[in-house]
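Accompanying notes for the structure given below.
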Amino acid sequence: MSIIFDEKENIFLIHTENTSYAMALVDGTNLHHVYYGKRIHSTNLRYVLCEDVYPFIPSTAKRETNGYIESSAFEYPQTGMGDYRDSAFCVKSMDGHRASELVYRGYEIKAGKPALPGLPATWGDEKVSSTLCIYLEDALLGLKVTLNYSIFEGIDAIIRSATVENHGSEAVYLEKVLSSCIEMRNRNFEMLTLPGSWARERHIQKMPIGYGRQNAGSFRGKSSPQEHPFMALVTPGTNQTQGEVYAMNFVYSGNFIAQVERNEFDFVRMTMGIHPEGFCWKLQPGESFVAPEVVNVYSANGLEPMTHTFHHLYRKHLIRSPYLHKERPILINNWEATYFDFDEKKLIDIAKEASALGIEMLVMDDGWFGKRDTDDCSLGDWQVNEEKLKGGLPYLVEEVKKTGMKFGIWFEPEMICPDSDLFRAHPDWAIQIPGREIIQSRAQYVLDLTRQEVVDAVYDMIDQVLKSADISYVKWDMNRFLTNLGSAALPADRQGEICHRFMLGVYQLQERLITDYPDLLLENCSSGGGRFDPGMLYYSPQIWCSDDTDAIERLAIQEGTALIYPLSTMGAHVSVCPNHAIGRTTPFETRGTVALAGTFGYELDITKLSDVDKALVKEQTKQYHKYHHLVAEGEYYRLASYSENNTFDCFMVVSEDKSQALVFYVQVLFHAQVKSRLIPLRGLDSSKVYLVNGTEYSGDLLQNVGLRVDIELGDFTSKLIEIVEK
Ligand code: DGJ
């Protein structure tokens, strides 16, 4: 890991263990992107610049600067001065002009990784990380822009963010401040993204790139299930172990854009940052704006090294929770068990039965507060409904604890129902445009968390509840998008700041929560996995992956999620059949196998399970304890994908010392006459001898010839195959 500036060549070179990232100074003023890829050793890179191809550099051909601008690979391209590709930065002056010319002013290399005020961000101390800051300036506007590049020891990622400071005498309007931009010659790249929907999150999609702009994005006020703040450009034929991959992932939970643009010269520009749609931030003299960070990853050997880089980075330098490396309690959540129809007796009955079978925590989901017996009221009234829960929270929690279980609780802090005492008292606390009816979604509005008094009031209510009983876990839900973007507290020319300010409010709330309750296990959720992103992982070590708990549907959802995020972050539960989301019936064992690849828990009325299933719960909870460490800390290898082969799914985890592995196999469809498979494993030590079901195999055989998996008759069967060093 190192950062170099070659003064002779005017080249910046950032090295991670296996990758290099290079920029060139042109004419002493313009910063160009030169290279990102496999590690290189020379700074002799100026031949890459387009000076020779399009010899219009301003110093030699003043009358042809536009040709130069159009054909250059700028490191941080801007709007309004002749670059017609989509920019990374757009500013409007008080005179109404949309243009900037950010000129190079210098650089600094700092040990460590600076925090981003109010934002989630990767972290690392001076021994394991360093940061390059490149200073740019627009003299006319008095704007200073700092481009930050951070790297971590042993991790092939480059983390970028940008800071804008107004040193001028007038305010400016920032209309676009993206966080990362790379540009390179096209190599028939394809674009890999993770689109989806409610209950169908993060399905892997690969598409060819044509001329023009293609993007994934959200301006729904959250990262969303429809699109994911991730994009990778891959060369044709890329699979787990082959092909080049350029990936970006946004450490942010609000609006985003991930875009690729292919231009006439067959260059591609890849950008990521806060979505410019509706964004307009007024920056007063003396103020600064910080754009959240993007994690850039390059892999020369397919998707697997990219996945490992993201997993390592997030486990070592993003997630802060004390639970990260701890065994998480096996929880049972009452949502699919009871929905709103529960009382203290029902919950205590569930706890007693669950505890006897090895489950360790009861989570009381939606419906415990205000007068909420359906989903059309009371969000915002975070006081226990004592008619429903007789004896209140202290009684319920103590009774649950008597069974030996911990207690967890659900909140949806960002919301307010029109039918709530909170809304009746503070109708202006909902995000709204005066004179327009607020659009409802699930009979709720969104709280105006751009206002400090609203943030404080919500926090106080949560705090009161948490103080009232021994609560070990909070599920933080968020069940709608932002509409009617108006805040009663912001002036007209700051209404374009709402979505980002709203996210800053959410982050502030979660930061306060985990600071005041350091032992609390926080799980984020958003109508299932609608806000599963690195921003949220900074606050919570696990996120509910999807409201679709069907074991087969989960295969694609968890495959897409695990492409970037560690298995230890994926909330996964066993639920009843026919499945509530899609109506399918799968074996209880298979539901257990699939949930075991995540944080593991149950989402069912355990008092109604058959004795056979109860016995399986006992086995599964034991299995969880046996394998949890391996699943949470092991290296993940995707061996086969049901989404690709339409037949079966297979992946494995391997311990760091390669002495233990666990293979997950799900036979989705049985095919006549196909009674076994040989699946070549990865990640083992070829020279070690392993035991599989009591038989010895060398690592060499298991990886080259393959693991033999015998297939049971019927659909939806599964196997967990343990591999241990002899
Ligand atoms: C959506 C979540 O994804 C569910 O798990 C559940 O908590 C409901 N909200 C409750 O309203």
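Residues being crowded, with 19+ Cβ neighbours inside 10 Å and of a type in the set (Gly, Ala, Ser): count how many of those fall in the stretch 169-200.
Number of matching residues: 4.
Quick check: is even one residue across the stretch 626-633 of a type in the set (Asp, Glu), within 27 Å of Leu303 (Cα to Cα), touching a Gly at 6+ places or on another chain (Cβ under 6 Å) and modelled with pLDDT of 95 or more?
no
Count, please, the residues in the stretch 537-554 that happen to be more than 13 Å from the chain's Cα centre (by Cα) and either surrounded by 23 or more Cβ atoms within 10 Å (Cβ to Cβ) or within 16 Å of the ligand (Cβ to nearest atom) (or both).
8
Checking the structure you have, find out if any residue of the stretch 513-525 is surrounded by fewer than 23 Cβ atoms within 10 Å (Cβ to Cβ) and within 16 Å of the ligand (Cβ to nearest atom). Spell out how you get there, then give the answer.
To start, the set of residues in the stretch 513-525 that are surrounded by fewer than 23 Cβ atoms within 10 Å (Cβ to Cβ) comprises 513-520, 522.
Add one more test, that the residue is within 16 Å of the ligand (Cβ to nearest atom), and what stays is 522.
Scanning the stretch 513-525 turns up at least one residue that is surrounded by fewer than 23 Cβ atoms within 10 Å (Cβ to Cβ) and within 16 Å of the ligand (Cβ to nearest atom).
Please go through the stretch 231-245 and give me each residue that is within 12 Å of Leu563 (Cβ to Cβ) and either open to solvent by 10 Å² or more (accessible area, probe 1.4 Å) or assigned to a loop (DSSP other than H, G, I, E, B) (or both), ordered by number.
Gln240
Considering the stretch 501-546 alone, what residues qualify as being touching a Phe, Trp or Tyr at 6+ places or on another chain (Cβ under 6 Å) and of a type in the set (Ser, Thr, Tyr)?
Ser527, the sole residue that qualifies.
Given the structure, is Ser378 of a type in the set (S, T, N, Q) and surrounded by 24 or more Cβ atoms within 10 Å (Cβ to Cβ)?
Criteria met by Ser378.
Among Gly634, Gly699, which is the only one that is touching an Asp or Glu at 6+ places or on another chain (Cβ under 7 Å) and surrounded by 18 or more Cβ atoms within 10 Å (Cβ to Cβ)? Break it down into steps so the answer makes sense when it comes.
Numbers: Gly634 fails: touching an Asp or Glu at 6+ places or on another chain (Cβ under 7 Å).
The match here is Gly699.
Would you say Asp343 is within 16 Å of the ligand (Cβ to nearest atom) and either on the phi > 0 side of the Ramachandran plot or of a type in the set (Asp, Glu) (or both)?
Details: within 16 Å of the ligand (Cβ to nearest atom): no; either on the phi > 0 side of the Ramachandran plot or of a type in the set (Asp, Glu) (or both): yes.
Against the criterion (within 16 Å of the ligand (Cβ to nearest atom) and either on the phi > 0 side of the Ramachandran plot or of a type in the set (Asp, Glu) (or both)), Asp343 does not qualify.
Pairs, please: C-beta under 8 Å, at least 6 apart or cross-chain, first residue of a type in the set (Ser, Thr, Tyr) and in the stretch 471-488, second within 13 Å of the ligand (Cβ to nearest atom)?
The qualifying pairs are Ser472/Gly408; Tyr473/Leu331; Tyr473/Val363; Tyr473/Gly408; Tyr473/Ile409; Tyr473/Glu523; Thr483/Ser441.
Within 15 Å of the ligand (Cβ to nearest atom), touching a Ser or Thr at 6+ places or on another chain (Cβ under 6 Å) and small (Gly, Ala, Ser): does that describe Gly380? Steps first, answer last, please.
Working: within 15 Å of the ligand (Cβ to nearest atom): yes; touching a Ser or Thr at 6+ places or on another chain (Cβ under 6 Å): yes; small (Gly, Ala, Ser): yes.
Yes.
Would the stretch 579-598 turn up any residue that is in contact (Cβ under 8 Å) with a residue 60 or more places away in the chain, buried (at least 21 other Cβ atoms within 10 Å of the Cβ) and in a loop (DSSP other than H, G, I, E, B)?
yes
Name the pairs: first residue in the stretch 339-365 and of a type in the set (S, T, N, Q), second residue open to solvent by less than 10 Å² (accessible area, probe 1.4 Å) and modelled with pLDDT of 95 or more, Cβ to Cβ under 6 Å, at least 6 apart or on different chains?
Cβ pairs passing all conditions: Ser355/Met405.
With the checklist (1) open to solvent by 30 Å² or more (accessible area, probe 1.4 Å); (2) within 15 Å of the ligand (Cβ to nearest atom); (3) not in a loop (DSSP other than H, G, I, E, B) in hand, flag the one item Pro394 doesn't pass.
So the condition that Pro394 fails would be (2).
Just checking: which of the strands (runs of 3 or more DSSP E) contained wholly in the stretch 615-726 hold 2 or more residues that are without any contact (Cβ under 8 Å) to a residue 24 or more places away in the chain?
The strands (runs of 3 or more DSSP E) meeting that bar are 695-698.
Select from the stretch 400-435 the residues that are assigned to a loop (DSSP other than H, G, I, E, B) and within 16 Å of the ligand (Cβ to nearest atom) and write down the one among them that is most open to solvent (accessible area, probe 1.4 Å). Quick ask: steps written out before the conclusion?
Keep residues of the stretch 400-435 that are assigned to a loop (DSSP other than H, G, I, E, B), which gives 403-405, 412-414, 417-420, 426, 431-435.
Checking the rest, the ones that are also within 16 Å of the ligand (Cβ to nearest atom) come to 412-414, 417, 419-420.
Numbers: Glu412: 0, Pro413: 1, Glu414: 0, Cys417: 0, Asp419: 55, Ser420: 0 Å².
Checking each candidate, the answer is Asp419.
Can you tell me how many residues in the stretch 132-156 are among the β-branched types (Val, Ile, Thr) and surrounded by fewer than 22 Cβ atoms within 10 Å (Cβ to Cβ)?
The qualifying residues number 1.
Is the stretch 366-375 home to any residue that is touching a residue at least 60 places away in the same chain (Cβ under 8 Å) and either away from the ligand (no atom under 16 Å from the Cβ) or open to solvent by 10 Å² or more (accessible area, probe 1.4 Å) (or both)?
yes
Name the one entry in Val458, Val454, Val446, Val465 that is part of a helix (DSSP H, G or I), touching a residue at least 24 places away in the same chain (Cβ under 8 Å) and within 24 Å of Cys280 (Cβ to Cβ).
Values: Val458 fails: within 24 Å of Cys280 (Cβ to Cβ); Val446 fails: part of a helix (DSSP H, G or I); Val465 fails: within 24 Å of Cys280 (Cβ to Cβ).
Matching residue, one of Val458, Val454, Val446, Val465: Val454.
Report, by residue number, each residue of the stretch 311-340 that is within 16 Å of the ligand (Cβ to nearest atom) and small (Gly, Ala, Ser).
Ala337
So which of Asp470, Asp463, Asp493 is surrounded by fewer than 17 Cβ atoms within 10 Å (Cβ to Cβ), within 21 Å of Asn333 (Cα to Cα) and more than 16 Å from the ligand (Cβ to nearest atom)?
Values: Asp463 fails: within 21 Å of Asn333 (Cα to Cα); Asp493 fails: within 21 Å of Asn333 (Cα to Cα).
Sole residue among the options that is surrounded by fewer than 17 Cβ atoms within 10 Å (Cβ to Cβ), within 21 Å of Asn333 (Cα to Cα) and more than 16 Å from the ligand (Cβ to nearest atom): Asp470.
Please go through (1) more than 16 Å from the ligand (Cβ to nearest atom); (2) under 20 Å from Phe411 (Cα atoms) for Thr590 and return the number of the only condition it doesn't satisfy.
(2)
The values are calculated or read from the model by the stated rules, or taken from the named source; none is laboratory data. Predicted, not measured: the structure shown is a model, and the values here were computed from it. Cβ: placed from backbone, ideal geometry, glycine included. Neighbour counts: every protein chain shown. Areas reflect the complete protein model, heavy atoms only, side chains present, ligands, DNA and RNA absent. Shrake-Rupley method; radii C 1.70, N 1.55, O 1.52, S 1.80 Å.
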